[in-house]
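Beneath this line is the structure, given in structure tokens, with notes to follow.
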Amino acid sequence: MIGIIDYGMGNLRSVQKAFELVGAEARILPSPAEMDGVKKLILPGVGAFADGMINLRNRGWIDPIHAFIATGKPFLGICLGLQLVFESSQEDAPSPDQPVPGLGVFKGQVVQFRQQFDAQGQPLIKIPHMGWNTIRWTRQDPLLADLPVQAGTDPAVYFVHSYYALPDVRQGSSFVSATAEYPVGQPFCATVWRDNVWATQFHPEKSQRVGLAMLRNFARF
């Protein structure tokens, strides 16, 4: 059984339907009391970091998430779920030196894409970063194994975000398993993996065949 955390952030049904498409049973969990029998746990999410942490805390999810991860069972964060597993975020922070605390599973901070301008003062990129973008492996990751892509090409996945995770290189960034570029030539963290914890900045449930292949891999762990 795959459990999907309901903390009032995002379209949970789309994640549930995606798992159903790959033949996996997934259940939306309105509270930690519903976790009996859950073998894998999903933290999805769309929205602001601070709101996400407030909702997780108010609904009693903080300690159960850490306890679940400690069991060694597979855990997957999606989009905002990736950001929340980091130490902190600049989003809605009162000041740069007072970031909003996160779950702290991975070392690093969530930061905003920095707008760039051409000689005429026109923005060079759109924020939020929205739409299809390719990812590139930085190391082997079982979540990204055997994706249905043409030989010699990188898989494309669907992103919607204005912030991204910046791993703390002083603590080592070996947990990053894939990057994307936005703008071109400037890589950012797209997926992380360490032990039994995975997270993607993009939405596998919106990434068609490639995303479904990732969810199928996760369901098999």
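Read-outs throughout are calculated quantities, based only on the coordinates presented, and are distinct from any laboratory measurement. Worth saying up front: this structure is predicted, and the values here are computed from it rather than measured. When we count neighbours, we look across all protein chains shown, and the Cβ atoms used for this are built from the backbone with ideal geometry, even at glycine.
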Using per-residue counts of other Cβ atoms within 10 Å, averaged over each peptide, order 190-198, 131-139 from highest down.
190-198, 131-139
GNM, the chain, Cα, under 10 Å: largest mean-square fluctuation among L124, L103, L43?
L124
Report the one residue of T71, H203, L215 whose Cα lies farthest in the direction of the positive end of the charge dipole of the chain (charges on C-beta: Lys and Arg +1, Asp and Glu -1; origin at the Cα centre).
L215
Picking from P30, L147, Q83, whose Cα lies most toward the positive end of the charge dipole for region 2-220 (charges on Cβ: Lys, Arg +1; Asp, Glu -1)?
L147
Measuring from centroid to centroid over Cα atoms, what is the spacing of region 47-115 and region 149-221 in Å?
17 Å
Of every Cα-Cα pair in region 2-220, the percentage lying beyond 31 Å is 16 percent
Over the chain, what relative contact order in percent results from Cα pairs under 8 Å that are six or more residues apart?
20 percent
So, in the chain, how many Lys pairs have Cα atoms under 27 Å apart, if the pair is 8 or more places apart or on different chains?
13
For region 76-174, just say rounded, prolate or oblate: build the C-alpha gyration tensor, square-root its eigenvalues into a ≥ b ≥ c, call rounded for a/c under 1.5, and beyond that prolate if a/b exceeds b/c, oblate if not.
oblate
Roughly what % of DSSP beta bridges within region 2-220 run antiparallel, to the nearest 5?
60 percent
Based on the mean of other Cβ atoms within 10 Å per residue, sort peptides 156-164, 180-188, 75-83 so the most packed one is first.
75-83, 156-164, 180-188
